[in-house]
Protein chains: 2
Amino acid sequence: LSPEARQVKRRQILFLTRKSDVSLQVQLAVQLKDLIQSGQLGAGDPLPSSRELAAELKVSRNTVVYAYERLISEGYLNSRSRSKVFVSDTARELRSAAQRAAQRSKAQQQNSPAVHVPKASYSDGPKPFRPCQPDVQLFPLALWNRLRGRALRTTNRSLLHYNSEAVLGFRPLRENLAAYLRDSRGVVCEWWQIAITTGSQQALYLLANLLLKQGDRVYMENPGYSGAVRAWKSAGATMEHLPIDAQGMVFPALEKAAAALVYVTPSRQFPTGASLSLARRLALVNGAVNTKTWIVEDDYDSEFRYIAPPLPSMQSLDSGNRVIYVGTFSKLLFPSLRLGYAVLPKSLVEPFAELKTIAEDHGPMIDQATLAAFLDSGAFYSHIRRCRKSYAERQQAFLDAIAKGSLPLDFRYRDGGMNLTGFLPESCDDLVWSARLKRAGLDVPALSQYASVATERGLVFGFTAFTPTQIRRGVEKMLSLRLDRPML
Amino acid sequence: LSPEARQVKRRQILFLTRKSDVSLQVQLAVQLKDLIQSGQLGAGDPLPSSRELAAELKVSRNTVVYAYERLISEGYLNSRSRSKVFVSDTARELRSAAQRAAQRSKAQQQNSPAVHVPKASYSDGPKPFRPCQPDVQLFPLALWNRLRGRALRTTNRSLLHYNSEAVLGFRPLRENLAAYLRDSRGVVCEWWQIAITTGSQQALYLLANLLLKQGDRVYMENPGYSGAVRAWKSAGATMEHLPIDAQGMVFPALEKAAAALVYVTPSRQFPTGASLSLARRLALVNGAVNTKTWIVEDDYDSEFRYIAPPLPSMQSLDSGNRVIYVGTFSKLLFPSLRLGYAVLPKSLVEPFAELKTIAEDHGPMIDQATLAAFLDSGAFYSHIRRCRKSYAERQQAFLDAIAKGSLPLDFRYRDGGMNLTGFLPESCDDLVWSARLKRAGLDVPALSQYASVATERGLVFGFTAFTPTQIRRGVEKMLSLRLDRPML
């Protein structure tokens, strides 16, 4: 083909439009790659100079340079000298590899995956009355972003580096968090005892791997937090499910019935809401010290209390370094931040760090530095205060709305938290109630869903992520279902 | 005390200054807490109204409201009615808990921790010639931040929600990454086969837990990546260390010497830089398919090649779904982002998701959405191009500088990557050389440090994080040490 004929052909083949969402450079790269993959451009074929092609296509030269560079980087084009670009010799192999990839992908798709494929790319957020969900609209995102920008600016990109020294977290965050936990929860700790984790779930999983071996006995609350059950079971532990009463978990004397680890949510038992009495806290801690049992104290939402301040943390009562205090920022700030922590007894700091190095090394640094600044600035406290106020109102709105109906729900524990558990008489099947609510668009788990062995029946309502209006509407909808009457 | 006397006393005790870095509200909260903790304010003592105290201290009323709210939230104060604030009844217990905490912390400190306490809060960045470090100054941080802001704005905070559907990652990121891997590396995959992880290290650790059991045999390259060795060992596997030659890893026929898993860095063997030949790739993949062996292909920096495009990925040659392709953005973007990924055979997608749910649930969403946009915008490709150009220059600067000396370093593999391995004659002890370089402020690991069994000797130089000037100075310093002469 003569150069002129080539030019005409190219103009027929390449078609760029400014009306597309796709940038001109990406359009050009994709079309050129198609030509190579389809064989219309073969190995060694020269391409016009970027200046020439830009003029032909009436686009800026940078557009062409970009497209060429991308295809060079992907191996489709070769740049032998400063200005000459050719289809690369490996383009053919890349082409057949890409074709094979496409064909095999297609074949796999036709073998319709047994894989769960979520439809939505973005979370729609929780439906009423999904438990344990903060209202992300209350979060001071603009301030957070400003603090993030400032942290990046003042540290001259040092936050971008690999930082294996920070395997347990960014030091200023650990320092600020230690101060907060000491002051507000009486947690006995130095900053270096704190391990920052990906949510509290990672802390539980790593602790399971560190502390438990096949067949070890673990005491779990029943009903209880299923994420913890899964963590302990993944290490091969045997679960002993303990009942809950108004004073919290009912447990045998550890001296008589030994366990390797006790998992407990003393501030507000999850999901019932009962608080572990001071007498039981002391008995449990002393038993653990005497028998060298580990206690994992999961303090997942003690900041949200609306009436009385909470009892001292178990960790603060521990004289023998047996309590590991676990917490999270998912509920205080926003869930997708995925920052949690464990306060480790001194003897566990090194082994935990060693395991975390293997498990993922350190976590993302920029978020941790932002959170350190958020704690430092006092914004953290203002935010908790704002949430506490809103959540107290929402709890009241929920209880007021539900009082207008006559469902046999007994809300025993109302002093705080993000959820209210309505206990049901034994004649009511909470799973059936929950399923009927689900069909009506309400997300209200049954207490039985959190139980590994039979327990009291009830429904668990989260109220924190919903406005009073949403709450009232949700309750009205629930009341209209007449759940207390059998379905026909 | 009369109200007036109280007022005088308060003014003597509370002292706020605008000259401090600490905000007025934090100063006030801390001082009030001190008064309570020291017993100067006792349970039930009333505090002045916020209006009154603000006027006395000449600060805004909000300052006082904030301080009160913080202390209410921490349990030190109680607000019985709209305007009256008292020292809470539990203040005494909190006080003694805080005192105990402080005392025990002090005692722990005096027991001087055997814990490694890093001094710096911020990473100073790598020293020459630390391997595998990108130049974070090249990263388009301003653009990244704009994309992040846009992702947050256009999704109306849905990125902040808890999102258990995204346990394997944010869907648009998985889609964009699948397209990139198909096009540039011939990786055969659909988006739902991709699992986003906290760096590639988490992928290795979860795969170890998923695929290996006590005593399983794993083939590892020697020298090789120690993070991988640690992951396999943590699952109880037995290592078989295989040597490296100019065609990459030397391995026995899997049909004759079976293993549960083979770990390999075919694009550029870490740390020597040798590329696995096509013949060996085919032999290894076919052997794995025949014997149902897992292959973990770690493609940690194949984007940085300066001469020829790389051979097709092992995954693209795999006809039996035995290859797990692992990659990372730590080296392409910046290390502290901590985003890596694994491309899983269909059969592993569900088990991996299940394990990841237990291990940490999903990772932080905002970074993943930003990365999805970064890939989408084409900025990803421009950035790789910019880095490749700089890094090629730096590699040349390094080789030019070192050619001026006469050290017996043999740089065999120079076609790409972030590191250059200089092999040494057997008479030179690479550990001694590395130690001498370290004392001179240079971070140059010995090849032996990456080896589990005896191997060739050499030094591993990273050149990507340093400017040509830094590189020349570093090499000059090294040459001035006369490493080839014995120390006196």
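The values are calculated or read from the model by the stated rules, or taken from the named source; none is laboratory data. The shown structure was predicted, so the numbers you read here are calculated from the model rather than taken from an experiment. In this analysis, Cβ positions are derived from the backbone assuming ideal geometry, glycine residues included, and neighbour counts consider all displayed protein chains.
Values for this structure:
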read-out	value
Residues of segment B:38-48 satisfying the condition of being under 21 Å from A:GLY186 (Cβ atoms) and either surrounded by 20 or more Cβ atoms within 10 Å (Cβ to Cβ) or small (Gly, Ala, Ser) (or both)	B:SER38, B:GLY39, B:LEU41, B:GLY42, B:ALA43, B:GLY44
Some residue of segment B:232-246 being out of contact with any Asp or Glu (no Cβ under 9 Å at 6 or more places or on another chain), more than 21 Å from B:ARG322 (Cβ to Cβ) and among the basic types (Lys, Arg)	yes
Condition broken by B:ALA372, with the remaining ones in (1) in contact with a Pro (Cβ under 7 Å, 6 or more places away or on another chain); (2) at the interface with another protein chain (Cβ under 8 Å from one of its Cβ atoms); (3) among the small types (Gly, Ala, Ser) satisfied	(2)
Selection from segment A:10-45 of residues that are of a type in the set (S, T, N, Q) and under 45 Å from the mean Cα position of the chain (by Cα)	A:THR17, A:SER20, A:SER23, A:GLN25, A:GLN27, A:GLN31, A:GLN37, A:SER38
Qualifying positions in segment A:330-343 - buried (at least 24 other Cβ atoms within 10 Å of the Cβ) and more than 10 Å from chain B (Cβ to nearest Cβ)	A:TYR341, A:ALA342, A:VAL343
Every pair of residues 6+ apart whose Cβ atoms lie under 8 Å, when the first sits in segment B:13-41 and is at the interface with chain A (Cβ under 9 Å from one of its Cβ atoms) while the second is among the charged types (D, E, K, R) and surrounded by 10 or more Cβ atoms within 10 Å (Cβ to Cβ)	B:GLN25/B:ARG70; B:ALA29/B:ARG70; B:LYS33/A:ASP183; B:LYS33/B:GLU74
Of residues in segment A:161-206 being surrounded by fewer than 23 Cβ atoms within 10 Å (Cβ to Cβ) and more than 7 Å from every other protein chain (Cβ to nearest Cβ), the one nearest to the chain's Cα centre (by Cα)	A:VAL167
Residues satisfying the stated conditions in segment B:333-368, i.e. assigned to a helix (DSSP H, G or I) and either β-branched (Val, Ile, Thr) or within 19 Å of A:VAL22 (Cβ to Cβ) (or both)	B:VAL349, B:THR357, B:ILE358, B:ILE366
Matching residues, segment A:344-361, being facing another protein chain (nearest Cβ under 7 Å) and buried (at least 20 other Cβ atoms within 10 Å of the Cβ)	A:VAL349, A:ILE358, A:ALA359, A:GLU360, A:ASP361
2 or more residues under 27 Å from the mean Cα position of the chain (by Cα) and under 26 Å from A:PHE139 (Cα atoms): qualifying helices (runs of 4 or more DSSP H) within segment A:369-488	A:379-403, A:468-480
Considering residues of segment B:1-33 that are more than 18 Å from B:SER49 (Cα to Cα), at pLDDT below 80 and among the hydroxyl-bearing types (Ser, Thr, Tyr) only, the residue surrounded by the most Cβ atoms within 10 Å (Cβ to Cβ)	B:SER23
Any hit, segment B:124-132, residues being touching a Lys or Arg at 6+ places or on another chain (Cβ under 7 Å), more than 9 Å from chain A (Cβ to nearest Cβ) and at pLDDT 90 or above	no
One residue from A:TYR325, A:TYR263 being touching a strand residue (DSSP E or B) at 6+ places or on another chain (Cβ under 9 Å) and either free of Cβ contacts under 8 Å to residues at least 60 places away in the same chain or closer than 22 Å to A:LEU420 by Cα (or both)	A:TYR263
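For every residue, the table says whether it meets (1) within 12 Å of chain A (Cβ to nearest Cβ); (2) under 26 Å from B:CYS132 (Cα atoms); (3) not aliphatic (A, V, I, L, M).
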site: B:ASN222; (1), (2), (3): no, yes, yes
site: B:TYR225; (1), (2), (3): no, yes, yes
site: B:GLY236; (1), (2), (3): yes, no, yes
site: B:GLY248; (1), (2), (3): no, yes, yes
site: B:LYS256; (1), (2), (3): no, no, yes
site: B:SER275; (1), (2), (3): no, yes, yes
site: B:VAL296; (1), (2), (3): no, yes, no
site: B:ASP301; (1), (2), (3): no, yes, yes
site: B:SER316; (1), (2), (3): yes, yes, yes
